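Novice: Can you read through this structure? Questions will come right after.
The values are calculated or read from the model by the stated rules, or taken from the named source; none is laboratory data. All figures in this text were calculated on a predicted structure; none of them were measured in a lab. Every residue, glycine as well, gets a Cβ built from its backbone with ideal geometry; the counts of neighbours run over all protein chains shown.
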Amino acid sequence: MRRTISILLENESGALSRVVGLFSQRGFNIENITAAPTENDTVSRITILTKGDSMVVEHITKQLHKLVNVIKVVVLDDFPEGCIEREILFLKVQAATRAARDEVQCLCGIFRAEIVDVTPDLFVIQYVGEPDEVDRFLRAVRGTTDVVEVVRSGVCGISRGERTLHS
Amino acid sequence: MENPTGAQMVVRTLEDLGVERIFGYPGAAIIDIYDELMNSQRISHVLARHEQGAVHMADGYARATGKVGCALVTSGPGATNTVTAIATAYGDSIPLVLITGQVSTGLIGTDAFQEVDTMGVTRPVVKHSFLCKKPEEVPKFLRQAFYIASTGRKGPVVVDIPKNCQTPRMPEGFVEQKDVSLRSYNPTVLGHKGQIKRAMTTLATARRPVLIYGGGVIQGEACAELRELVERFNLPVVTTLMGISGFPSSDRHFLGMVGMHGIYAANEALHNCDALFAVAVRFDDRVTNNVKKFCPNATVIHIDVDPASISKCVHADIPVVGDAKAVLGQCLGACDELHLAGSELTEWWGMLDGFRKAHPLSYPHPQGLIMPQDVVRAVSERLQGQDYYVTTDVGQHQMFVAQYFGFERPRTFITSGGLGTMGFGFPAAAGAKMAHPKAQVICFTGDGSFQMNMQELSTCKQYHLPVKIFILDNHVLGMVRQWQSLFYDQRYAATCLDFNPDFVRLAEAFGHQGIAVSDPAELDSAVERALAMEDELVIVDVRVNPDAKVFPMQRVGGSSEDMILSEEEA
């Protein structure tokens, strides 16, 4: 099962490598990962998308808690209110012909993606959505034109409703 | 007055933290700290002959005392040489602080001379690690390191100090912060009251309860509380390898070690219990055998300071997170409050005594050959009632000591259980002897294990550490050979030590005493002579039967009671 884990940890050198190292060391899987400082610059927040049954995820969260640098760990999907997840996708696509440009623009309109850079032959498309939507959009673009380059940010997540995560 | 330098702050901080012994090996990146250490009246340094030896010594010192072991090495190869020893301490949750020198911060990342990413190399085998970036971080990180190493689930902590954090002075206006507070690290001490009540009610109503405890009871100084609980409930007690010496083996409640080479009655008790009261164990695979078949009918109560150890391997029906000493104290309190007392458990004890009588430890006695078990028993008999510490290396001899020695006092059995590090026993004995100069310190080792760290014979001469080394010398790597013999058609791939040094002359070359013995009739007198030489390190090279095997031995993939009891059954 796919799970999104949010981690607050000390914004220190080496802290991120401990988290990443833990996953490889214990055979856990990282689908994707994002990390950046929070409003408090001594604290970083990491979002990790992982796969595993509830036993595995419990094991992961306990091991993460055990890291001395880690302040808080939550599994966002565990909240009854659910969570909001977004990922940014950048695509560099072939748009050399009129037909290709029209099709890509049309697709972007349907998916509410933006074209953020244009050359005579290429578009750079920016799309923000849930990971599944990102997959769908990517498939749709691939069916329309040649995709030259794909960049995905990995997932950022936050809980819905009143619940907050603070150090 | 001028502010102190980073190196001065290292020594002052260590003194302030009560460090008396430090084990190490100098080098260019740590020379400033060594220079300051020379001025210290309160810390004495032990120069090992290899960094791995130094850290094992600090580890042995920590295990024998309960204090934090401390070691000091240089950058690069100095640091990488310690990795096995750090991992050994990590495997058994031993409090240790290792200070490593590092190249100056400006050179980090340039592949400088003797530069290695010490934080990176050690990361998977430390509880935590620090890299100082400024001189004023040195005292702060050292205090945090000692605090982290010695609290919660204990473990090794590395403090990497670049050269340019050692020589400069503390900045102007520097005030040392002596209290340690870490927002991200707060180990749980007290257990959850409701869970403890549930645990104690379950224990009191169980008809076939068993208490299993591990090394955490010794590291957590909870042996007295454990014993009181056992007596109140008349509980059968089994131990893991790491728990040995935490509960007196002569006590009638004690059934012995469980697991791969556990005692028959102890493994049977586990398999047949209806309530397992587990204290500070982590259910290693050598303890459980096949977890799916482990304690099939038991309600599992699991007390551990490390929440990640609970339900990691064996599902806990009643988990209690907390310090072993504190939680066991709470358990006793809960019994008073709820007026819980154990029953006689007559039927259960009858069954357990039956197991004891059915298959006590035994081994064959071929004519004219010394059996390794004989050596352990001979030494044990002579030491009972005395002040002693016993260390082992890893392999058959380790299991024979665990099975046959019979320990009575906490911390007297020192072994590498988790990592299983050959070469640990001798330097650990040197560390234990440093801590307890008046006690008899014995190292049981094999001819394979001993050759992995025998360079420390020099250290023992230099610092006068007259430990007694019993080499159970079979000219083979016994435990691996046992597997080859039983499961690999006697194909002895790379387990024959066809050449060994003359250990007696080796001892003499280092200025020590050596005794060789191969005749069973001479064993007792050799042991007696060795133990009588109080001021000498003695190597006793005992030629033992190479075909001796460790039994009981669990069948891999089976339950606790799937045991091979003798060679005939194999």
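Novice: Would you point out which residue out of A:Lys92, A:Lys51, A:Lys72 is modelled with pLDDT under 95 and surrounded by 13 or more Cβ atoms within 10 Å (Cβ to Cβ)?
Specialist: A:Lys51
Novice: Any residue in the range B:496-510 that's of a type in the set (Gly, Ala, Ser): show its pairings with residues that are not in a helix (DSSP H, G or I) at Cβ separation under 8 Å, as long as the two are six or more apart or on different chains.
Specialist: Short answer, once both residue conditions are applied: B:Ala507/B:Gln513; B:Ala507/B:Gly514; B:Ala507/B:Leu537; B:Ala507/B:Val538; B:Ala507/B:Ile539.
Novice: Looking only at the range B:147-170, how many residues end up being closer than 13 Å to B:Val10 by Cβ and under 25 Å from the mean Cα position of the chain (by Cα)?
Specialist: 2
Novice: For the subset of the range B:539-565 comprising residues that are among the acidic types (Asp, Glu) and in contact with a helix residue (DSSP H, G or I) (Cβ under 6 Å, 6 or more places away or on another chain), which member is nearest to B:Gly395 (Cα to Cα)?
Specialist: B:Asp541
Novice: Oh, and also: Can you tell me which of (1) within 14 Å of another protein chain (Cβ to nearest Cβ); (2) without any contact (Cβ under 8 Å) to a residue 24 or more places away in the chain; (3) of a type in the set (A, V, I, L, M, F, W, C) is the one B:Val175 doesn't meet?
Specialist: (1)
Novice: For the range A:30-86, give me the residue count where each residue is within 14 Å of chain B (Cβ to nearest Cβ) and free of Cβ contacts under 8 Å to residues at least 24 places away in the same chain.
Specialist: Final tally of qualifying residues: 6.
Novice: Identify, please: which residue in the range B:362-393 is part of a loop (DSSP other than H, G, I, E, B) and free of Cβ contacts under 8 Å to residues at least 60 places away in the same chain and is, among those, nearest to the chain's Cα centre (by Cα)?
Specialist: B:Asp393
Novice: Sticking with this structure for a sec: Those residues that are touching a residue at least 12 places away in the same chain (Cβ under 8 Å) and charged (D, E, K, R), I need them from the range B:260-310; list them, please.
Specialist: Listed by number, the residues that qualify are B:Glu268, B:Asp274, B:Arg282, B:Asp284, B:Asp285, B:Arg286, B:Lys293, B:Asp304, B:Asp306.
Novice: Kindly indicate which of B:Leu235, B:Leu255, B:Leu270 is touching a strand residue (DSSP E or B) at 6+ places or on another chain (Cβ under 9 Å), assigned to a strand (DSSP E or B) and over 26 Å from B:Thr188 (Cα atoms).
Specialist: B:Leu255
Novice: Kindly provide the set of residues from the range B:317-361 that are within 14 Å of chain A (Cβ to nearest Cβ) and more than 18 Å from B:Thr205 (Cα to Cα), ordered by number.
Specialist: Listed by number, the list holds a single entry, B:Val321.
Novice: Evaluate the range B:88-105: report whether one residue or more is assigned to a helix (DSSP H, G or I) and crowded, with 24+ Cβ neighbours inside 10 Å.
Specialist: There is at least one residue in the range B:88-105 that is assigned to a helix (DSSP H, G or I) and crowded, with 24+ Cβ neighbours inside 10 Å.
Novice: Across the range B:199-239, what is the number of residues that are more than 16 Å from B:Gly256 (Cβ to Cβ), within 24 Å of the chain's Cα centre (by Cα) and of a type in the set (Ser, Thr, Tyr)?
Specialist: Total meeting the criteria: 0.
Novice: Going by the structure shown, is B:Gly152 farther than 20 Å from A:Asn11 by Cα, away from chain A (no Cβ under 11 Å) and either in contact (Cβ under 8 Å) with a residue 60 or more places away in the chain or small (Gly, Ala, Ser) (or both)?
Specialist: Taking the combined requirement at face value, the residue does not satisfy it.
Novice: So, of the residues in the range B:105-141 that are within 12 Å of chain A (Cβ to nearest Cβ) and of a type in the set (Asp, Glu), which turns out to be farthest from B:Ile33 (Cα to Cα)?
Specialist: By that ranking, first place goes to B:Asp117.
Novice: Here's something else I'd like to know. So which residues in the range B:228-259 are more than 24 Å from B:Glu347 (Cβ to Cβ) and free of Cβ contacts under 8 Å to residues at least 60 places away in the same chain?
Specialist: Within the range B:228-259, just B:Gly243 meets the criteria.
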